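Coordinate-derived values only; no laboratory data. Since the structure is predicted, the reported quantities are computational estimates derived from the model, not experimental observations. Here the Cβ positions follow ideal geometry from the backbone for every residue, glycine too, while neighbour counts run over all protein chains shown.
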Amino acid sequence: MEEKYDNRMTLEILSKSNNEAFARVTIAAFVSSLDPTIEELADIKTAVSEAVTNCIIHGYEGKERYY
């Protein structure tokens, strides 16, 4: 299967709650090259916020680790 987009990104941050905002805006900036609508970008930012927050709360139980 041929991929439509071949650009990729890896982001590793410490599991600290203040890094949630950093992850959200970093991913939003990366995705913006695909010309999403405002609604799509807002949905992506919400999904990233929820995913990062869940990783911090449930994945590492308050311990600082990279994810």
Identify, please: which residue in segment 3-40 is β-branched (Val, Ile, Thr) and part of a helix (DSSP H, G or I) and is, among those, farthest from GLY59 (Cα to Cα)? ILE38
Which pairs turn up if I take residues in segment 13-28 that are under 10 Å from VAL52 (Cα atoms) and look for partners that are among the aromatic types (Phe, Trp, Tyr) and surrounded by 12 or more Cβ atoms within 10 Å (Cβ to Cβ) with beta carbon separation below 6 Å, at least 6 apart in sequence or on another chain? SER15/TYR60; SER15/TYR67
